[in-house]
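These notes concern the structure reproduced below.
We did not get these values from a lab; they are worked out from the coordinates using the rules stated. Because the structure is predicted, anything quoted here is derived from the model rather than measured. Because the Cβ atoms are built from the backbone with ideal geometry, glycine has one as well, and the counts that use them run over all protein chains shown.
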Amino acid sequence: MKKNNLVSETLRKDEQYVWHPFTPLVRSDAPLPIVKAEGAYLYTEDGRKILDAIASWWVNLHGHSHPHIAQAIFTQAQKLEHVIFAGFTHEPAVKLAERLLAILPSNQSKVFFSDNGSTACEVAIKMALQYWYNLGNIQRKEIIALQGAYHGDTFGGMSVAERNLFNKPFSEKLFDVHFLPFPACYEVACCAGKRNNTQCFSAKATIQKMQELAHTGKIAAFIYEPLVQGAAGMRMYSPEILDELLSIAQKYDILCIADEVMTGFGRTGKLFASEYCSQKPDIMCLSKGITGGAMPLGVTTCTEKVINAFRSAEKIKTFYHGHSYTANPLACAAANASLDLLLQKETLQKIHQMTEMHTTFEAQIRSQKRVAKVQTLGTILALELKSQEETSYFNNMAKDIYKHFLAKNILLRPLGNVLYLMPPYCIEKSELEWVYSEISSFLEN
């Protein structure tokens, strides 16, 4: 009875005071009050134990309340909780920057801190546009993105994203962007030109439009989610196609921005999705898993080429961008602790094991009658269900799928009719097999 009263009081106050993200204020189910989390599990006030199979919006790499990360935050909090990062610095930020540059593509040279994925992308967009301004090339003002893109909810991020219900109220305030057709081909043999099908034609259309736009001499930057578009339904495309797009961009001196907010830190099977390509980005955006899900932190990195455009005593060429919590020491300490865990042999083996298990499960369900398409890349598995509605985030199947698995004490938050898995790396083999089993049973009904 006491637990029920606790739940009731929490929900009552939540309804009165709290506005939740991506949630209608009417006709929405009440949220679940969580009292603690440990490993791959969330614990509710009324005693439920729920497996977090999506790593709480893709941020949790090593499991909830990981003692190594918690201890790092505790230790740092006793020494320096925060300091203005304009005119000051501190060891956790310097250490993190050095460690990140050691594992990122070798062309990355400097780290700019912010506080989430949206701001990491906003920094990248402003950095790219000011790069051309500083060089005195006023023609280079336009940006290329991919159809279906999602780069956050700030105005720059919305501008370079797919035009949909997420940003429709602000459409008149968004700047114009060139959108390439999404290159639907994701099989290496297909996009390498060994097959002639509609996916190959889609890729050819993408490449052709990229060439046409690049040739105008007006493009400042090309921003993309490498290999996987998360919010669009975990849509995947091949490194061969991305390499071709990057090659065209570099031929015309267009800055390439890799939004690795979701794909970074092992999610695609490599530390960064950009590692699958031979061509490297000029600017990279990182967040989500950077702290293992413990603290908010955003990072934008860039090459020496980009930095050189800002190396000037002229005030107008300074990058006037910052956040109150830039390089927060607690967040940097959490990120350093998360990197400790990520780079351990045991974690890399877990990533490899999950990759293999996803691949095996994909083969098992590919021909299931309710499955329209299934794709895997590293620790990401995406399953598109057949539907009479259009495949999109707003497909009405989402709510029923979510409720079905939550009743089984598994947290899966589908992207419309796309059901996906992206568990924390600490998930046990038996727990992942249980999730597979429940998905299989769901598909058979």
Specify the residue with the greatest mean-square fluctuation among L412, L330, L101, computed from a Gaussian network of the chain linking alpha-carbon atoms under 10 Å apart. L101
Classify region 187-345 as rounded, prolate or oblate from the Cα gyration tensor: take a ≥ b ≥ c as the square roots of its eigenvalues, call it rounded if a/c is under 1.5, otherwise prolate when a/b beats b/c and oblate if not. oblate
³J(HN,Hα) across region 430-445 via Karplus (A = 6.51, B = -1.76, C = 1.60, θ = phi - 60°), whole Hz, x for Gly/Pro? 5, 5, 5, 5, 5, 4, 4, 4, 5, 5, 4, 5, 4, 5, 7, 7
Any idea how far apart E38 and Q388 come out in nm if each label point goes 7 Å out from Cα toward Cβ? 4.7 nm
Sketch the reach of a paramagnetic label on F22 as a point 7 Å from Cα along Cα-to-Cβ, and name the residues of region 260-283 whose backbone nitrogen lies under 13 Å away. 262
For each of R99, R140, R235, count neighbouring Cβ atoms within 10 Å of the residue's Cβ, then give the residues from fewest to most. R99, R140, R235
Label points 7 Å out from Cα along the Cβ direction at E91 and I138: separation in nm? 5.0 nm
What nm distance separates the two modelled labels at H323 and L165, each placed 7 Å from Cα along Cα→Cβ? 2.8 nm
Kindly provide the helix-only [θ] at 222 nm of the chain, computed as the sum of -39,500 (n - 2.57) over DSSP H runs of four or more divided by all residues, to the nearest 500 deg cm²/dmol? -11500 deg cm²/dmol
Provide the gained length on full extension for the span W57 to S247, in nm with one decimal, where the gain is 0.36 nm per separating residue minus the Cα-Cα distance. 65.2 nm
Over region 29-75, what number does the Rg to Rh ratio reach, with both radii from the alpha-carbon atoms and Rh per Kirkwood? 1.02
So, R0 is 30 Å and r is the distance between the beta-carbons of H82 and R48; what FRET efficiency does that work out to, to 0.05? 0.25
Could you tell me, in Å, what Rg and Dmax come out for the Cα atoms of the chain? 22.0, 70
